[in-house]
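Q: Encoded as structure tokens, here's the structure I'll be asking about.
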Amino acid sequence: MQIFPRTLNFLPLVAALALAIGGGVVTFVVAYYFSPWNTQVGYAPVQPVPFSHRLHAGQLGMDCRYCHAQIERSYEAMVPSTQTCMGCHVTLHGGGTDPHRATHASVQPLFDSWFSVTPEMPQGEPVEWVRVHNLPDHVYFDHSVHLSAGVGCASCHGRIDQMEVVRQDQPLSMAWCLDCHRDPEPNLRPVSEITNMAWERPEGVAPHEFAEQLVDDGQRYVVPPENCGGCHR
Ligand code: HEC
Ligand code: HEC
Ligand code: HEC
Ligand code: HEC
Ligand code: HEC
């Protein structure tokens, strides 16, 4: 006895066709969403204080970690506290007749923040920096694993040390993450150079050769995740 009618023999073929056509549409939608057209490259919001990386990280030569010391922790901890700035700016721009006024208007918000500290509010009112980079909540991203693997800030943020105002340099799209995860070698450097914006691989050494040399020198062999669960946890 036949349970299914004979016509259903065509079902697998029909299903396969439907999948192929439907798959094409999905691929297009996915390709659009993940392509650089749909991202915010160049986004550079105005900040409450005209802070310049070109001056501080470039000309003054400060290491990124002087201010971004908590690079593996939360956003709030990532942007430096007023105290980090005032270590220098209290002397640079204080000392006027009114100690609460900066001698230079551009840094007044730092002074306002600094003098808003009270026993009830030991941190004071923080400066309201506007966030530039922002991944959706469904993506897991962790700086520390990238830094300890030898991926430098410049690979993902560009030449921050030359930026007067921080702007998003890379798409931060899924395709962008995956491009590097599939072939990380061109982006690897010695861990000691991760904040060196000007670092370049020695001339004439192929990425693969250089990556091998790094492992010989004791750096870890990297296998970035390409499976969905690696970045969507
Ligand atoms: C003197 C302190 C200081 C130093 C040194 C410094 N930064 Fe910053 N950084 C800041 C402040 C303040 C902000 C928030 C305001 C802004 O975006 O300009 C910031 C913002 C950023 C952002 C954008 C964060 C966001 O909102 O998405 C990136 C990326 C960044 N810094 C990278 C770097 C890199 C790379 C270096 C080293 C070359 C560096 N910084 C050195 C103080 C510093
Ligand atoms: C290591 C010392 C140091 C630290 C830390 C530091 N700065 Fe500066 N900053 C300077 C120097 C030096 C200048 C140049 C001063 C000048 O030209 O009068 C400057 C200039 C500035 C200016 C421009 C002032 C003007 O002339 O218009 C701003 C704004 C500023 N800093 C903000 C910040 C902020 C915000 C932080 C904390 C995230 C910070 N700085 C941390 C040393 C420092
Ligand atoms: C592998 C790529 C990559 C590298 C390397 C990298 N970043 Fe980022 N950075 C990102 C991404 C992606 C975000 C956005 C994270 C989010 O929205 O959760 C980000 C965000 C930031 C922020 C904003 C605060 C935050 O946590 O969202 C700062 C500040 C920052 N990066 C500084 C640095 C510094 C300094 C270095 C080098 C020491 C560095 N980054 C290296 C990709 C990178
Ligand atoms: C320039 C190269 C590069 C880019 C861009 C990059 N990654 Fe990675 N990623 C790596 C390397 C290298 C590792 C380290 C693999 C290892 O240690 O074996 C890594 C590891 C990871 C891990 C594993 C963390 C863990 O705890 O095991 C996650 C998750 C991750 N990346 C997410 C992302 C996301 C999300 C993006 C895009 C927003 C991104 N990465 C962009 C190179 C990159
Ligand atoms: C290397 C990290 C990484 C891996 C691996 C990864 N994704 Fe993503 N995914 C991302 C990032 C980053 C975004 C956010 C892109 C953006 O905002 O433009 C994203 C976004 C998405 C979105 C949401 C699209 C939207 O419009 O917000 C879906 C759905 C998705 N990924 C599915 C997957 C599937 C299915 C896999 C496995 C085949 C996968 N991802 C593997 C990093 C990753």
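The values are calculated or read from the model by the stated rules, or taken from the named source; none is laboratory data. These figures come from a predicted structure and were not determined experimentally. Here the Cβ is made from the backbone with ideal geometry for all residues, glycine too, and neighbour counts use every protein chain on show. What goes into the accessible areas is simple: the full protein's heavy atoms, side chains included, and nothing from ligands, DNA or RNA. Shrake-Rupley method; radii C 1.70, N 1.55, O 1.52, S 1.80 Å.
Q: In region 1-20, is there at least one residue being at pLDDT below 95, assigned to a helix (DSSP H, G or I), away from ligand 3 (no atom under 16 Å from the Cβ) and of a type in the set (D, E, K, R)? Before you say what the answer is, go through the steps one by one.
A: Taking region 1-20 as the starting set, the residues that turn out to be at pLDDT below 95 are 1-20.
Going one step further and asking which of them are assigned to a helix (DSSP H, G or I), we end up with 6-20.
Those left that are additionally away from ligand 3 (no atom under 16 Å from the Cβ): 6-20.
Applying the additional criterion that residues be of a type in the set (D, E, K, R) yields 6.
Taking every residue of region 1-20 in turn, at least one turns out to be at pLDDT below 95, assigned to a helix (DSSP H, G or I), away from ligand 3 (no atom under 16 Å from the Cβ) and of a type in the set (D, E, K, R).
Q: Let me ask something else. Residues Gln70, Gln40, Gln83: which one is at pLDDT below 95 and within 16 Å of ligand 5 (Cβ to nearest atom)? Working first, answer last.
A: Details: Gln70 fails: within 16 Å of ligand 5 (Cβ to nearest atom); Gln83 fails: within 16 Å of ligand 5 (Cβ to nearest atom).
One residue alone meets the criteria, Gln40.
Q: Only residues in region 109-121 that are within 12 Å of Gln83 (Cβ to Cβ) count as the first member; pair them with residues that are of a type in the set (Val, Ile, Thr), Cβ under 7 angstrom, at least 6 apart or cross-chain, and list the lot.
A: Leu110/Val49; Leu110/Thr82; Leu110/Val127; Ser113/Thr82; Ser113/Val127; Trp114/Thr82
Q: Looking at Pro126, Pro109, Pro119, can you tell me which residue is under 18 Å from Gln70 (Cβ atoms) and over 17 Å from the mean Cα position of the chain (by Cα)?
A: On the way: Pro109 fails: under 18 Å from Gln70 (Cβ atoms); Pro119 fails: under 18 Å from Gln70 (Cβ atoms).
Result of the check over Pro126, Pro109, Pro119: Pro126.
Q: A follow-up question, please. So which pairs qualify, if the first residue must be in region 135-151 and within 13 Å of Cys231 (Cα to Cα), the second must be part of a loop (DSSP other than H, G, I, E, B) and aromatic (Phe, Trp, Tyr), the Cβ gap must be under 7 Å, and the two must be at least 6 apart or on different chains?
A: Final answer for the pair search is Leu135/Phe141.
Q: Which one of Val139, Val165 is within 19 Å of Tyr66 (Cα to Cα) and under 18 Å from the mean Cα position of the chain (by Cα)? If you could, list the steps in order and put the result at the bottom.
A: On the way: Val139 fails: within 19 Å of Tyr66 (Cα to Cα).
Of Val139, Val165, the one residue that is within 19 Å of Tyr66 (Cα to Cα) and under 18 Å from the mean Cα position of the chain (by Cα) is Val165.
Q: Does region 40-58 hold any residues that are under 16 Å from His89 (Cβ atoms), in a helix (DSSP H, G or I) and open to solvent by 90 Å² or more (accessible area, probe 1.4 Å), and which are they?
A: Those that are under 16 Å from His89 (Cβ atoms), in a helix (DSSP H, G or I) and open to solvent by 90 Å² or more (accessible area, probe 1.4 Å): none in region 40-58.
Conditions (1) outside the structural domain of His181 (by TED's automatic domain parsing); (2) in a helix (DSSP H, G or I); (3) surrounded by 14 or more Cβ atoms within 10 Å (Cβ to Cβ), marked per residue:
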{"site": "Phe111", "(1), (2), (3)": "yes, yes, yes"}
{"site": "Glu120", "(1), (2), (3)": "yes, no, no"}
{"site": "Val139", "(1), (2), (3)": "no, no, no"}
{"site": "Leu147", "(1), (2), (3)": "no, yes, yes"}
{"site": "Ala154", "(1), (2), (3)": "no, yes, yes"}
{"site": "Asp161", "(1), (2), (3)": "no, yes, yes"}
{"site": "Glu164", "(1), (2), (3)": "no, no, no"}
{"site": "Arg167", "(1), (2), (3)": "no, no, yes"}
{"site": "Gln170", "(1), (2), (3)": "no, no, yes"}
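Q: Only one residue in Glu226, Glu200 is within 16 Å of ligand 1 (Cβ to nearest atom), assigned to a loop (DSSP other than H, G, I, E, B) and open to solvent by 40 Å² or more (accessible area, probe 1.4 Å), so which one is that?
A: Values: Glu226 fails: within 16 Å of ligand 1 (Cβ to nearest atom).
Going through Glu226, Glu200 in turn, the sole match is Glu200.
Q: Which residue out of Pro224, Pro184, Pro190 is in contact with a Gly (Cβ under 7 Å, 6 or more places away or on another chain), within 16 Å of Val145 (Cα to Cα) and touching a residue at least 12 places away in the same chain (Cβ under 8 Å)?
A: Working: Pro224 fails: in contact with a Gly (Cβ under 7 Å, 6 or more places away or on another chain); Pro184 fails: in contact with a Gly (Cβ under 7 Å, 6 or more places away or on another chain).
Criteria check complete, one pass: Pro190.
Q: May I ask you to list the residues in region 78-104 that are surrounded by fewer than 16 Cβ atoms within 10 Å (Cβ to Cβ), part of a helix (DSSP H, G or I) and within 8 Å of ligand 2 (Cβ to nearest atom)?
A: Listed by number, the residues that qualify are Thr84, Gly87, Cys88, Leu92.
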